[in-house]
Amino acid sequence: MNNAERYPFLSGDPALGEASFHPYLPFTLGHQEKTIATTGLLDTGASVNVLPYSLGIEIGYEWERQSTALSLTGNLAQYEARVVLAQAVFGQFEPVQLVFAWTQATNVPLILGQVNFFMEFNVCFYRSQLEFAVTPKTLISE
């Protein structure tokens with residue numbers, strides 16, 4: 001992975017030891033004039049990126065103004081969700097536009113999933129080393 005940036009897994013609950021480490025990626029999330037520094041849980045099993053309600057409010061989204069609804073599954077199925085777009089900057093990479101399911105759930109981390117984080121970035125997990133590497137997708141030229 002040329003030009004990859006490496007990050008450590010972060011511990012959630014020290015009492016759980018190594019089992020508590022998860023791949024949280026720090027980044028800057030922006031909408032219109034507001035930006036926030038945050039972290040996202042890399043979840044290869046998540047179909048979509050998920051934005052918790054409080055973070056959406058913090059960067060300026062208004063629930064009532066979001067007209068495109070979508071249904072989430074699993075633990076988030078009981079919550080309403082809306083589609084929102086945001087600009088994200090990961091490390092020294094160029095900004096990318098991410099699509100989020102902005103959920104009314106407040107007890108969920110920001111999740112980076114298949115649509116569209118893993119469509120924009122390649123990730124290599126080194127779980128035994130408690131590290132992961134991220135690089136933007138590369139276009140194949142002919």
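The values are calculated or read from the model by the stated rules, or taken from the named source; none is laboratory data. Remember, predicted model here, so these are calculated numbers, not experimental data. Don't worry about glycine lacking a Cβ; one is built from the backbone with ideal geometry, like all the others, and counts go over all protein chains shown.
When only residues in the range 86-126 that are in contact with a Leu (Cβ under 7 Å, 6 or more places away or on another chain) and part of a loop (DSSP other than H, G, I, E, B) count, which is farthest from GLU58 (Cα to Cα)? Here the answer is ASN116. For the range 39-54, a residue qualifies if it is more than 8 Å from the chain's Cα centre (by Cα) and surrounded by fewer than 19 Cβ atoms within 10 Å (Cβ to Cβ), and the qualifying residues are THR44, GLY45, SER47, SER54.
Restricting VAL89, VAL99 to residues that are in contact with a Pro (Cβ under 9 Å, 6 or more places away or on another chain), in contact (Cβ under 8 Å) with a residue 12 or more places away in the chain and closer than 13 Å to LEU29 by Cβ narrows the list to VAL89. When the criteria are applied in full, THR35 meets the requirement of being under 20 Å from ARG82 (Cα atoms), at pLDDT 95 or above and not in a loop (DSSP other than H, G, I, E, B).
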